[in-house]
Structures are given as C-alpha cells and as structure tokens.
Ligand SMILES: [Zn+2]
C-alpha cells in the first residue's frame, strides 16, 4: 500500500457515511478492461479510494459497512440523456391530448415520482428530463423532492417548459374559440425569447429545450425535410441567452432543415435527428454537438405515425450507422415518456448495438458521453472523486447487452437503492 493512501484512509476514520464495495469484476468503461477482485471505498457519497480488494480492505476503517458484490460485474450508474418523467406514453396524438386535458398537474407529478423511482431501479442514476409537456415546472419540484430525500429518484437535470413558436405545437386543431393549454411555452421574437430564457432559468431550468422543426416530408432529393419553427436570429437568441446564463441548449429536430438550423444556431445537443446526413454530421463533429438518437421511442411511436413515421425510423437507423462511423458524439437518450414508464429504457442499448455499436460503445454512450453532455465530470465513471453511483449484475454486459435489463444492484451516492 502506498503510504499516502494509507494516511488518507486512516484520516477518513470510521463514519456512518463510509462504506466499502467488494467488486468481483470492475468494468472500466474508458478502456473496456475488467479488473478482478476490486474495492471501492465510498466516503460522503463519493469514491475515496479504489484498488485491489486485499489492499484497500486491509487499510479500511474497522467495522466499515461492506457491500458484497464479489459475484457481480460492477460498472458506473447509467445516464439517460432524454426523458420525460411527466409523460406516460403517446403513440397517438389523442394519448397526448388526454394527459394534458384530463390529468391535473398534481396527478401527473405523482406519476412522475413513480417514473423517477422506476428509472432509478433500472439503474439510471442520472437523467436529463427534456420538458414537462404542459406540467409547468413540476420537474423542478420533483428534482427538489429527490434531492431532499422525500422521494427516491435519479439525479435530475431538468428543462422546465420547452419552447416553440405560435401555432407549431400541440394542442392544435381544436375549435378556434377555445383557449387550450399548450405542451410548450410559446414564445416568438428575439427580445421575447431572451426574456423567456431568463425566466426559465429563474424558475429552475438547468437546460433550455427548443422545438426547432416540425412537419417532416420526404424531399425529392431523398432527404427528410422539415419546416423550421423559428427564424435563424430567434434560434441564436435562445442559445446566446442560455449560454450567457451558464446553461446548455437542446434542440428537438427531425428533418434535415431543422438539424441545419440547430447547428447554425449552435445548440449543444440534437434530439432525434432522423434526417441526419453526412454533411450535417461533419458540422456536428466540428462543433462538438451531441446527438441523442432516441431509437426506441422512434420505433415505439412509428406505429401511430403512418408510412412517413416508419420511413423516418428507417432513415434514423441508417443515419445512426453513418454518424457512428464518422465519430459524432452519441449519448443514450431513449425519449422515455413518449413510450410508457413500464418499459425499461435500457432497451435503447440493445437497439444501439443492433444498429452498429459494440456493447462497450453503447455503455460508454450511457455513462461517459452522457456525463460529458451534462457537463458533469464526476458522473459516468468510478474514478477517485466520482459520485458513488453504480450498478451491478451477474452476467457479462460486454457479451450480452440485454443483461443491463437484469441488474442485481443499484447504488446512488453510496446508498444502496436496489439489491436483488
Ligand atoms: Zn422528447
């Protein structure tokens, strides 16, 4: 044992917040290497020491709580970079309207708390939630309730209300004299956008989410085209104002035109982006833009969206292979909420592998890349100083990615939240 480490461990003393994980196999997702018989010393919810079990356990404080995962593979907690805890599945537009019109925000928030608990139990110890879809800032409250320990759930990074322009987002096509709620915060014009972004941040939004396009169609050039919801200077205003306030920006885009507009405005992440093409990939790579392809939601809702919906999903799968080959930064984001919270979003990992990733690449998308997208360097890995968020399973996830749907253990901030 290195003297410094020994001194460090002694200085830690015995504390209720100190525990020791005995990992039979520790999977390092940076390299794909598996180290046998390892220990993780957890202090105040963070990794305080790592190394061979024999050394670390000998130097650990006497009587320290041990979590015995000697028969399991341990890896960092998963990050879901595109969720909607306040939605419960909307294959058809009526499903969406029913939630907005027939369910109160308190009711939807209770369901969101159950969704957050389910997400955590599936091993997603952090989630980026991209818009409450008509439920105001209930996500900010849920995040607070999780942080104060009132309800269990992942670390949440929330968007509050997403933005779209007048006449571009449901609920639409009802009798004109009705004053109906909207799934988004409607804002138009550069100055109004700047004020609205400030107001979102004031109310607790960590991210600014904008619906950049709609109305996809198949172009004569074979590309998936779309209508943009904003003028270029309006899109730039969202990004500039958010960045000035230290916040990141997410763009919902489906077609080529939306992706083009979002990249020109400098959005940090692109959601869906079925119409991605090589020229756009080159720009995304140059700008360091992240992509959440939401493969599972695409497949799940396609049934309700007609032939173009199915074509769009096929194009997304092809784009995924191209983007992967070119090296665009892909994070796991399933868009759960578009499909119900009874389906484990770890199914996204399976589709990512089907569409060309190695299991290691898919797991990196769900950890290291997700943490980079969030700007949270202490998430997505189990190195010194990292949050003690981890999952464990008996099978080898590098051999069978579906094994992530059969976790045995989930730990968040050093606290065991699931142990089968
Ligand atoms: Zn979404």
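The values are calculated or read from the model by the stated rules, or taken from the named source; none is laboratory data. A quick note: this is a predicted structure, and the numbers were derived from the prediction, not measured. Don't worry about glycine lacking a Cβ; one is built from the backbone with ideal geometry, like all the others, and counts go over all protein chains shown.
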Item checked: Matching strands (runs of 3 or more DSSP E) fully within segment 16-121 where at least 3 residues are out of contact with any helix residue (DSSP H, G or I) (no Cβ under 8 Å at 6 or more places or on another chain) -> 18-28, 33-43, 46-52, 65-76
Checklist line | Filter pass, residue 408 being at pLDDT 95 or above, under 18 Å from residue 120 (Cα atoms), outside the structural domain of residue 117 (by TED's automatic domain parsing) and crowded, with 21+ Cβ neighbours inside 10 Å | finding: no
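Quick check on segment 198-222: of everything there that is part of a loop (DSSP other than H, G, I, E, B) and under 23 Å from the mean Cα position of the chain (by Cα), which residue is surrounded by the fewest Cβ atoms within 10 Å (Cβ to Cβ)?
Taking the candidates together, the pick is 203.
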Item checked: Residues being part of a helix (DSSP H, G or I) and either free of Cβ contacts under 8 Å to residues at least 12 places away in the same chain or in contact with a strand residue (DSSP E or B) (Cβ under 7 Å, 6 or more places away or on another chain) (or both) - total across segment 145-181 -> 2
Margin query: With the requirement that a residue be away from the ligand (no atom under 15 Å from the Cβ) and within 20 Å of residue 209 (Cα to Cα), what does segment 117-143 give you?
Written below: 126, 136, 137, 138, 140, 141, 142, 143
Notebook entry, point to check: How many residues does segment 241-271 contain that are surrounded by fewer than 22 Cβ atoms within 10 Å (Cβ to Cβ) and within 14 Å of the ligand (Cβ to nearest atom)?
Noted result: 0
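Looking only at segment 329-357, how many residues end up being closer than 20 Å to residue 285 by Cα and surrounded by fewer than 24 Cβ atoms within 10 Å (Cβ to Cβ)?
So the count comes out to 5.
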Margin query: Within segment 272-351, considering only helices (runs of 4 or more DSSP H) that don't extend past its boundaries, which have at least 1 residues that are in contact with a strand residue (DSSP E or B) (Cβ under 8 Å, 6 or more places away or on another chain), within 14 Å of the ligand (Cβ to nearest atom) and more than 20 Å from residue 213 (Cβ to Cβ)?
Written below: 295-302
